[in-house]
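Working notes, beginning with the structure itself.
The values are calculated or read from the model by the stated rules, or taken from the named source; none is laboratory data. Just so we're clear, the structure is a prediction, and the values are computed from it rather than from any experiment. We place every Cβ from the backbone using ideal geometry, glycine too, and count neighbours over all the protein chains shown.
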Amino acid sequence: MKRPDDVPAWREDFPYESEGDDHVTRRDFARFLVLLSGGLAAGNAVVYLRSRRPPEEPHARREIARVRDLAPGSAVAFRYPDEATPALLIRRADGELVAFEQKCTHLGCPVSYEREGGEGEGECLRCYCHNGRFDVASGEGTSGPPRDLRPLGRIALEVEDGRVFAVGRPPRRGS
C-alpha cells in the first residue's frame, strides 16, 4: 500500500484523528473536580452519621449460659445481637459477670479473656494482633493501640433463675 508523502509513517500504525475530539476546558475540569469532591464529602458524612446513630430496633433477649457452669475467672464466647457479632461473657475472679463485644476497637481483631496472678490480679481482655489490652471492668483500652480509642462495646446482662441473659447494649458514654 502506497502512502502520500505528506503523511508521516507513524500515522499508518496509529490512525487516530484528533479533529473530532471535544476539548475539556480548565473551567469544566475544575467544575468536575468540585462536584466529585462534594460527592465524596457527602458520602463520607452519610457513613459517619449512620455509624453514630443508635440502633433502631431493641435487641432480643438471649440466654447465654448458666451461672453454675461458669467458674470464677472463666469466659464463654457467644454471638449477640446477631449471629455475625462475636461477644464474650466473663465471670471475673470476684464472681461479677460482664460481657463485651469481642472485636478490638483498633482493627477488629478478636479479644480474649486473660487472667494472671492471684485473686483479681492481672485480669484483662487482650488483643494479640498488636498487644492491646482492655480493662475487664469497663472495656477501656489500657495499653497498646486501643488505649486511645473507644472502649469495647458493652452488653447488658440479666441473671434470672441461675441463667445469664444478654438483654441489649447500654448507650456508650459520650453518645
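Which of the strands (runs of 3 or more DSSP E) found entirely inside the stretch 128-167 contain at least 2 residues meeting this: touching a Phe, Trp or Tyr at 6+ places or on another chain (Cβ under 9 Å)? Quick ask: steps written out before the conclusion?
Numbers: elements: 132-134, 141-143, 156-160.
Result: 141-143, 156-160.
Just name the residue that is nearest to Leu88 (Cα to Cα) out of those in the stretch 123-175 that are of a type in the set (Lys, Arg) and touching a residue at least 40 places away in the same chain (Cβ under 8 Å).
Here the answer is Arg154.
Say we look at the stretch 12-70 and pick out the residues that are out of contact with any strand residue (DSSP E or B) (no Cβ under 7 Å at 6 or more places or on another chain), within 30 Å of Phe165 (Cα to Cα) and acidic (Asp, Glu); which of these is modelled with the lowest pLDDT? Show your work before the answer.
Of all residues in the stretch 12-70, those out of contact with any strand residue (DSSP E or B) (no Cβ under 7 Å at 6 or more places or on another chain) come to 12-57, 60, 68-69.
Going one step further and asking which of them are within 30 Å of Phe165 (Cα to Cα), we end up with 50-57, 60, 68-69.
Pick out the ones that are also acidic (Asp, Glu) and you get 56-57, 69.
Details: Glu56: 54, Glu57: 59, Asp69: 90.
Per the stated criteria, the residue is Glu56.
Look at the stretch 153-162 and say how many of its residues are within 13 Å of Phe78 (Cβ to Cβ) and surrounded by fewer than 18 Cβ atoms within 10 Å (Cβ to Cβ).
In the first step, residues of the stretch 153-162 are kept if they are within 13 Å of Phe78 (Cβ to Cβ); the result is 155, 157.
Right, trim to surrounded by fewer than 18 Cβ atoms within 10 Å (Cβ to Cβ) and you get 157.
Summing the residues that are within 13 Å of Phe78 (Cβ to Cβ) and surrounded by fewer than 18 Cβ atoms within 10 Å (Cβ to Cβ) in the stretch 153-162 gives 1.
Taking the stretch 111-124, which residues are in contact with a Lys or Arg (Cβ under 7 Å, 6 or more places away or on another chain) and part of a strand (DSSP E or B)?
Within the stretch 111-124, Val111, Ser112, Glu114, Cys124 qualify.
Which numbered condition trips up Leu107, out of (1) aliphatic (A, V, I, L, M); (2) modelled with pLDDT under 90; (3) surrounded by 15 or more Cβ atoms within 10 Å (Cβ to Cβ); (4) out of contact with any Lys or Arg (no Cβ under 8 Å at 6 or more places or on another chain)?
(3)
Counting only residues that are under 19 Å from the mean Cα position of the chain (by Cα) and loosely packed, with under 14 Cβ neighbours inside 10 Å, how many does the stretch 127-142 have?
3
Residues of the stretch 65-102 being assigned to a strand (DSSP E or B), within 23 Å of the chain's Cα centre (by Cα) and in contact (Cβ under 8 Å) with a residue 24 or more places away in the chain, which ones?
Of everything in the stretch 65-102, those that are assigned to a strand (DSSP E or B), within 23 Å of the chain's Cα centre (by Cα) and in contact (Cβ under 8 Å) with a residue 24 or more places away in the chain turn out to be Ala75, Ala77, Phe78, Pro86, Ala87, Leu88, Leu89, Ile90, Val98, Ala99, Phe100, Glu101.
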